Amino acid sequence: MTRSSPIPALIPERRLRARVRAIGRAIQRDYRGRDLVLVGILKGSFIFMSDLVRSIRLPLRCDFMKVSSYGTRTQSSGRLRFDFDVSLPLRGRHVVVVEDIVDTGFTILKVLAALRGRRPASLRLCALLHKPARGRYPVTIDYLGFTIPDRFVVGYGLDHDGLHRNLPYIGAVDEGPREKSGA
């Protein structure tokens, strides 16, 4: 891949935005009248979460966590580091974790376990993308955008070494199958 070569769209912008609105309506329906907190996993979820919260017509709070296991590589190191933690108290609140992509399940299972320890009233997972071909750990995704093939993807917040987050669509990088885009 060169900087001048276009990245082909796997999920076009129009389809992406329509699905995010549908997920927002589902969350709105499920959490009406509840104390809702959305916790975005940085950095990859920031654009998805931004559009998602604008599509939910309920009072809600937002917080963020940053975890890493990739660095500048396209394959996980197998170790998870919590770089930034939520600041809101979660006890007794209904929490929806917003993740960009679930592939092996390792990262999100560790995040969910850490948040469960905060004793929320409920804890659910919302993921824009799921790559089941890479799944090694069983993960329940309560709100899912798209299931995708085993391709390295960028755009709409997902990156490769810090680049391509600003693409308005999900693009597939033509380097063959990969484990995960950067977060």
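The values are calculated or read from the model by the stated rules, or taken from the named source; none is laboratory data. Nothing here was measured: the structure is a model prediction, and the numbers come from that model. Cβ sites come from the backbone with ideal geometry, for glycine too, and all protein chains shown count toward neighbours.
For the stretch 124-151, which positions are of a type outside the set (S, T, Y), under 24 Å from R81 (Cβ atoms) and more than 15 Å from the chain's Cα centre (by Cα)?
R134, G135, R136, P138, listed by residue number.
Look at V97 and say whether it is closer than 16 Å to R34 by Cβ and within 16 Å of the chain's Cα centre (by Cα).
yes
Report yes if some residue within the stretch 70-91 is under 14 Å from the mean Cα position of the chain (by Cα) and either touching a residue at least 60 places away in the same chain (Cβ under 8 Å) or under 23 Å from D159 (Cβ atoms) (or both); otherwise report no.
No, the stretch 70-91 has no match at all.
Hey, can you tell me all the residues within the stretch 134-153 that are in contact (Cβ under 8 Å) with a residue 40 or more places away in the chain and among the small types (G, A, S)?
G145
Would you call G78 modelled with pLDDT under 95, out of contact with any helix residue (DSSP H, G or I) (no Cβ under 9 Å at 6 or more places or on another chain) and surrounded by fewer than 17 Cβ atoms within 10 Å (Cβ to Cβ)?
no
Mind listing whichever residues of the stretch 39-54 are in a strand (DSSP E or B) and either in contact with a Leu (Cβ under 6 Å, 6 or more places away or on another chain) or within 12 Å of L128 (Cα to Cα) (or both)?
Those that are in a strand (DSSP E or B) and either in contact with a Leu (Cβ under 6 Å, 6 or more places away or on another chain) or within 12 Å of L128 (Cα to Cα) (or both): G40, I41.
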